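Colleague: Let me begin by handing over the structure; questions about it come next.
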Amino acid sequence: MTVQEPVLVSPDGHEVADLADALPSGRFVLGISGAPGAGKSTLARALATAYGAPVVPMDGFHRTTADLVARGRLDAKGAPDTFDAEAYAALLRRLHCGGDVLAPSFEHGQPDPRADTIPVPGSAGLVLTEGNYLLLDRPEWRPVRLELDAVWHVVTDDAVRLQRLVARHVAAGRAPSHAEAWVERVDQPNATLVEAAATRADVVLDLSAWSGRLERGGPRRRS
């Protein structure tokens, strides 16, 4: 498989709205993948605001600090094996079963996820989930892709993406030099893995020109 030609998203984001308006009615779990700093969370928030959709982040499935210390992987936090992919896939599976679901959340700068803090009502039609490894072709991650009705992969200008990453780590408490070293040692190798899996996406969106705003098109039908 080859990477699809990206859809260049305009500043007003109407291409994204057109795609969202064309999604089927009823429960639909849409994944948003991309390298660290590519704009996944920003796109998910914009879609959530425009369409009233809950967002379940992959980051809620970070392994705890204690678990990473025990595994000797604390310094690699953010790599594929530092997430509980099995638990993530299990929660996505529950989203297809109906009824209310509670999902975990995670805040950068905090050590561990917080359990059962994101409500997903059974009445929700569109449900969003975003993360780096939704498309990763590894045994522990393949079930995640199987539980997603579609995946949109996002890319952006690489220089901008790297600046965002360094700023994010500084905001979380790292010194600038430490933040830059972390991006080079951890985030960039992870980005390479993510982009290698982009061939498994349904749509590739280039967000380089997008303003972060989303002007909604027609109303998305509900079941």
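The values are calculated or read from the model by the stated rules, or taken from the named source; none is laboratory data. Note that the structure is predicted; figures quoted are calculated from it, not measured. Neighbour counts are summed over all protein chains in view; Cβ atoms, including those assigned to glycine, are modelled from backbone coordinates with ideal geometry. These area figures cover heavy atoms from the full protein model, side chains too; ligands, DNA and RNA do not enter into them. Shrake-Rupley method; radii C 1.70, N 1.55, O 1.52, S 1.80 Å.
Colleague: Can we say R185 is crowded, with 16+ Cβ neighbours inside 10 Å and not in a loop (DSSP other than H, G, I, E, B)?
Modeller: Answer is no for this residue.
Colleague: Tell me which of these A191 doesn't satisfy, since it passes every other one: (1) modelled with pLDDT of 85 or more; (2) surrounded by fewer than 20 Cβ atoms within 10 Å (Cβ to Cβ); (3) farther than 21 Å from L47 by Cβ.
Modeller: (2)
Colleague: Could I ask something else about it? Could we say that V127 is more than 20 Å from Y88 (Cβ to Cβ), in a strand (DSSP E or B) and in contact with a Phe, Trp or Tyr (Cβ under 9 Å, 6 or more places away or on another chain) here?
Modeller: no
Residues are listed down the side, and each one gets a yes or a no for (1) modelled with pLDDT of 95 or more; (2) within 30 Å of A181 (Cα to Cα); (3) open to solvent by 40 Å² or more (accessible area, probe 1.4 Å); (4) not in a helix (DSSP H, G or I):
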site	(1), (2), (3), (4)
P36	no, yes, no, yes
A44	yes, yes, no, no
L47	yes, no, no, no
G78	no, yes, no, yes
L91	yes, no, no, no
R94	yes, no, yes, no
L102	yes, no, yes, yes
A115	yes, no, yes, yes
I118	yes, no, no, yes
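Colleague: Still on this structure: Those residues that are without any contact (Cβ under 8 Å) to a residue 60 or more places away in the chain and among the polar types (S, T, N, Q), I need them from the range 46-101; list them, please.
Modeller: Matches in the range 46-101: T64, T65, T82.
Colleague: Here's something else I'd like to know. Which of (1) among the hydroxyl-bearing types (S, T, Y); (2) within 28 Å of V29 (Cβ to Cβ); (3) more than 19 Å from the chain's Cα centre (by Cα) does T192 not meet, given it meets every other one?
Modeller: Condition (3) is where T192 drops out.
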